[in-house]
Amino acid sequence: MLETNLAEMQLERSAQAVSIPSCPRVLLDLGAEVKRDDPDLRKIEALVSKDMGLVATLLKTVNSPFYGLSSKVGTVRQAIQVIGLSMLSRTVTGIVLKKALCGSNQPGMEAFWDGSAKVAMIAAFIAKQLPGMNKEEAYTFGLFQNCGIPILLQRFPEYARTLTQAEADGERKHTEVEDQAHGTDHATMGYLLTKSWNLPEDLSQAIRYHHEYALVADGGAQLSTQSRNLVAMGLAANQALQSHVGVTDSIEWAKGGHYALSHLGLSNDEFDEILSDLMLMLG
């Protein structure tokens, strides 16, 4: 109990030191309507259509090769009909997340958000191949997995240098490098944001511990099965994207890839087959 209280106190200190964006009104209203027993599609369409920039990005996403549509959709209603209400809500959430965190003018942020979107799509694709996995939850996890990075970039001008060091450190955990430099890390920031935005607890916990790869193999009570599923799929999705851009020596995959594949019940050859299919999808 003492250890738990100390951990919560540390989270409170992190939240006070770094500003966490509040959940945008459109997501609160959209979430409330989607959760109704009989959601009003006209109301949902109207909520999304208030922001034409949001509509344009939504349609661009739905018409991307990931969905593989035979003909393009041109309205929010058509998007709902094609991908379903739940997936539309999650896609909108990802778009709004980027807008809420776009205050960082650090170079490379467009590439960061493009990578997050691709990881989300890849995670959903991997989940679709495996029994017992939820592709929509995997998609949301992919979007939010690293959302703490732009938060820290806004708070600490020197964080970009820390991030480069963490990504190159083959010994220490990514979050350890960040904690040593700033007293907090992007996994903690992502956890605090998803809690603030009332996202599912399993997803929040997965984000909080997504660099604690040994927990994926641990069947104990610290992480639920669903959280471990998400961490494993997120790591596999990141590795798939790294492979797609030609990175053959991923440091994070070296740290935790064997845990992820073991948890997902995949051999190296089976994962390579999934990667081959993904390469065709990504082009």
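General observations
- Selection of the stretch 165-185 for residues being polar (S, T, N, Q) and closer than 17 Å to Ala254 by Cα yields Gln165, Thr175.
- Members of the stretch 114-137 found to be out of contact with any Gly (no Cβ under 8 Å at 6 or more places or on another chain) and in a helix (DSSP H, G or I), listed by number: Asp114, Gly115, Lys118, Phe125, Ile126, Ala127, Lys128, Gln129, Lys135, Glu136, Glu137
- Selection of first residues in the stretch 264-283 that are more than 17 Å from His244 (Cα to Cα) and of second residues that are outside any helix (DSSP H, G or I) and of a type in the set (A, V, I, L, M), restricted to Cβ pairs under 9 Å at least 6 apart or on distinct chains, gives the following pairs, ordered by first then second residue: Leu264/Leu130; Leu264/Met133; Gly265/Leu130; Leu266/Leu130.
- Residue tally, condition farther than 18 Å from Leu58 by Cβ and surrounded by 11 or more Cβ atoms within 10 Å (Cβ to Cβ), over the stretch 33-46: 1
- Qualifying positions in the stretch 166-184 - free of Cβ contacts under 8 Å to residues at least 60 places away in the same chain, over 15 Å from Gln154 (Cβ atoms) and either touching a Cys at 6+ places or on another chain (Cβ under 9 Å) or assigned to a helix (DSSP H, G or I) (or both): Ala166, Thr175, Glu176, Val177, Asp179, Gln180, Ala181
- Complete set of residues in the stretch 166-182 that are over 26 Å from Leu230 (Cβ atoms) and either crowded, with 19+ Cβ neighbours inside 10 Å or not aliphatic (A, V, I, L, M) (or both): Gln180
- One residue from Lys43, Lys98 being closer than 28 Å to Leu152 by Cα and among the basic types (Lys, Arg): Lys98
- Restricting the stretch 256-283 to residues that are of a type in the set (S, T, N, Q) and surrounded by fewer than 13 Cβ atoms within 10 Å (Cβ to Cβ), the residue that is farthest from His210 (Cα to Cα): Ser276
- Residue count for the stretch 212-237, restricted to those that are surrounded by fewer than 24 Cβ atoms within 10 Å (Cβ to Cβ) and of a type outside the set (D, E, K, R): 12
- Every residue from the stretch 57-81 that is surrounded by fewer than 20 Cβ atoms within 10 Å (Cβ to Cβ), on the phi < 0 side of the Ramachandran plot and not polar (S, T, N, Q): Leu59, Lys60, Pro65, Phe66, Tyr67, Leu69, Lys72, Val73, Gly74, Arg77
- Residue tally, condition closer than 19 Å to Ala120 by Cβ, β-branched (Val, Ile, Thr) and in contact (Cβ under 8 Å) with a residue 40 or more places away in the chain, over the stretch 242-263: 0
- A single member of Trp197, Trp253 is under 30 Å from Asn63 (Cβ atoms) and surrounded by 18 or more Cβ atoms within 10 Å (Cβ to Cβ), and it is Trp197.
- Hey, Gln222 over 19 Å from Asn146 (Cα atoms) and of a type outside the set (Val, Ile, Thr) or not: yes
- Matching option when the condition is of a type outside the set (Phe, Trp, Tyr), in contact (Cβ under 8 Å) with a residue 60 or more places away in the chain and over 21 Å from Arg228 (Cα atoms), among Leu192, Leu101, Leu130: Leu101
Residue by residue, here is whether (1) modelled with pLDDT of 90 or more; (2) over 15 Å from the mean Cα position of the chain (by Cα); (3) surrounded by 16 or more Cβ atoms within 10 Å (Cβ to Cβ) holds:
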residue: Ile83; (1), (2), (3): no, yes, yes
residue: Cys102; (1), (2), (3): no, yes, no
residue: Ile126; (1), (2), (3): yes, no, yes
residue: Gly132; (1), (2), (3): no, yes, no
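- In the condition set (1) under 25 Å from Pro24 (Cα atoms); (2) in a loop (DSSP other than H, G, I, E, B), Leu153 is compliant with all but (2).
The values are calculated or read from the model by the stated rules, or taken from the named source; none is laboratory data. Owing to the predicted nature of the structure, the values given are computational and were not obtained by experimental measurement. Neighbour counts are summed over all protein chains in view; Cβ atoms, including those assigned to glycine, are modelled from backbone coordinates with ideal geometry.
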